[in-house]
Amino acid sequence: MKKHITSFDGTMSSRLVYGTMQFGGKADTIAATEMFEACIEAGITHFDTANVYNDGKSEEMLRKLASPIRDKLIIASKIGYTGGSGASNLKSQFADTRRRLGSDAVDILYLHRFDPNTRLEETFETLASFQNKGQIRYIGVSNFAAWQVMKAQYAAQSCGTQIDIVQPMYSLVKRQAEVELLPMCQDQGIKAATYSPLGSGLLTGKYNRASPSGRLATDDRYAARYAQAWMHETAKSLNSLAHDINVSPITLAVAWAMTHPSSPDPIISARDVQQLRPSLAALNYKMGSELRKRISDLSIAPPPATDRIEEA
Ligand SMILES: NC(=O)c1ccc[n+]([C@@H]2O[C@H](COP(=O)([O-])OP(=O)(O)OC[C@H]3O[C@@H](n4cnc5c(N)ncnc54)[C@H](OP(=O)(O)O)[C@@H]3O)[C@@H](O)[C@H]2O)c1
């Protein structure tokens, strides 16, 4: 396994990744430029996008911003959210991604989701052919269960390549990755870049206040994802703890995700640079194990993978 993800010139991946899902949507060119510059200043070297973010505008905007220092950065994109992971769909979507991001290698190419209807060998033969042509450097999978990663890894290895990185959701209110996926990463030496460390904004505490603006208030899919009452209680408790220790709840939520024992690299995001600053501050915030446990205790730990722990 490759131990580290690096850029073309050997620069190491930063401990936080910046996700550009808002570029070309909620973040216009000015907001995107300010956030990109703040990330570079803070030492972020790893940027995440996808072919489906704002109909390709995110990839295009990221290319323009990154081009003066392209070789020092790790650029990740994702394909296969729509249309499945068959060879023809992957080739056509990757051609569009390369056109928008530039024909230089995409550092990391993820499958955006698991496709139960395509043979994994077909998928990984296609990804291996991109890699053999020097068009991608690392292969990733997103939104896969641990068993799907291991099954896909077998297929990848039989095609002479490997899965280097996974991209699951992980936050104080979405802890499923703790049960199997993150322990698998630790055991197998696979990197994890975890998304939505703020629960898509819930953990900022703004949804506990009157008339908040943000995705959970305007997008039914996000409202459904975080609909359980305990999640809103957790956000409230995190904000109260943050107030007591005089640290932003946003910094605490990102630092909490970062300090899982498997050392994942959270993918942070925002719609403007003011929103972004407290997430970036997690880079320099030292969260000890005692505080991490206090914060973990504010939410519900998912049940273990087997029912036999009563005998342990
Ligand atoms: N692989 C996948 O399927 C997948 C899925 C989702 C995301 N991702 C990646 O992960 C990245 C991060 O995901 P995410 O945006 O869900 O992460 P997140 O960190 O959980 O949420 C970020 C959002 O929280 C709100 N927010 C952040 N700071 C704030 C502040 N200071 N005050 C108030 N609100 C604040 C903003 O949304 P509002 O302005 O809307 O409130 C912001 O866009 C994405 O850009 C993308 O690259 C991947």
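The values are calculated or read from the model by the stated rules, or taken from the named source; none is laboratory data. This is a predicted model, so every value here is computed, not measured. Positions of Cβ are generated from backbone atoms using ideal geometry, with glycine treated the same way; all protein chains shown enter the neighbour counts. Heavy atoms of the whole protein, side chains included, go into the accessibility calculation; ligands, DNA and RNA do not. Shrake-Rupley method; radii C 1.70, N 1.55, O 1.52, S 1.80 Å.
The table that follows gives values for the structure above.
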quantity: The one condition in (1) in a helix (DSSP H, G or I); (2) more than 14 Å from the ligand (Cβ to nearest atom); (3) not small (G, A, S) that K57 fails to fulfil; calculated: (2)
quantity: Per-region count, the stretch 177-207, residues open to solvent by 20 Å² or more (accessible area, probe 1.4 Å), within 12 Å of the ligand (Cβ to nearest atom) and touching a residue at least 12 places away in the same chain (Cβ under 8 Å); calculated: 5
quantity: Positions within the stretch 32-46 being more than 14 Å from the ligand (Cβ to nearest atom) and under 12 Å from L62 (Cβ atoms), in sequence order; calculated: T33
quantity: Output for the stretch 208-255, where each listed residue is near the ligand (Cβ under 9 Å from one of its atoms), assigned to a helix (DSSP H, G or I) and out of contact with any helix residue (DSSP H, G or I) (no Cβ under 8 Å at 6 or more places or on another chain); calculated: T218
quantity: Residue in the stretch 222-231 that is closer than 21 Å to A257 by Cβ, open to solvent by less than 40 Å² (accessible area, probe 1.4 Å), in contact with a Lys or Arg (Cβ under 8 Å, 6 or more places away or on another chain) and of a type outside the set (G, A, S) present; calculated: yes
quantity: Pair list, Cβ under 7 Å, 6 or more apart: the stretch 265-284 residue within 24 Å of G24 (Cβ to Cβ) and within 7 Å of the ligand (Cβ to nearest atom), other residue of a type in the set (D, E) and open to solvent by less than 50 Å² (accessible area, probe 1.4 Å); calculated: I267/D48
quantity: Count of the stretch 244-262 residues which are free of Cβ contacts under 8 Å to residues at least 60 places away in the same chain and farther than 13 Å from L203 by Cα; calculated: 5
quantity: Test result for S14, among the hydroxyl-bearing types (S, T, Y) and not in a loop (DSSP other than H, G, I, E, B); calculated: no
quantity: Filter result (part of a loop (DSSP other than H, G, I, E, B) and open to solvent by less than 90 Å² (accessible area, probe 1.4 Å)) within the stretch 280-310; calculated: Y285, M287, G288, L298, S299, A301, P302, P304, A305, T306
quantity: Residue within the stretch 61-72 that is touching a strand residue (DSSP E or B) at 6+ places or on another chain (Cβ under 8 Å), in a loop (DSSP other than H, G, I, E, B) and buried (at least 21 other Cβ atoms within 10 Å of the Cβ) present; calculated: no
quantity: Residue among S237, S269 that is over 12 Å from R15 (Cβ atoms) and more than 16 Å from the chain's Cα centre (by Cα); calculated: S237
quantity: Enumeration of residues in the stretch 108-141 that are out of contact with any strand residue (DSSP E or B) (no Cβ under 9 Å at 6 or more places or on another chain), under 14 Å from T161 (Cα atoms) and of a type outside the set (A, V, I, L, M, F, W, C); calculated: E121, E122, E125, T126, S129, N132, K133, G134
quantity: Tally, over the stretch 1-31, of residues that are open to solvent by 20 Å² or more (accessible area, probe 1.4 Å), near the ligand (Cβ under 9 Å from one of its atoms) and aliphatic (A, V, I, L, M); calculated: 1
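So that you can scan it fast, the table gives a plain yes or no per residue for (1) open to solvent by 10 Å² or more (accessible area, probe 1.4 Å); (2) at pLDDT below 95; (3) more than 16 Å from the ligand (Cβ to nearest atom):
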{"residue": "A76", "(1), (2), (3)": "no, no, no"}
{"residue": "S85", "(1), (2), (3)": "no, no, no"}
{"residue": "V106", "(1), (2), (3)": "no, no, no"}
{"residue": "I139", "(1), (2), (3)": "no, no, no"}
{"residue": "N143", "(1), (2), (3)": "yes, no, no"}
{"residue": "W147", "(1), (2), (3)": "yes, no, yes"}
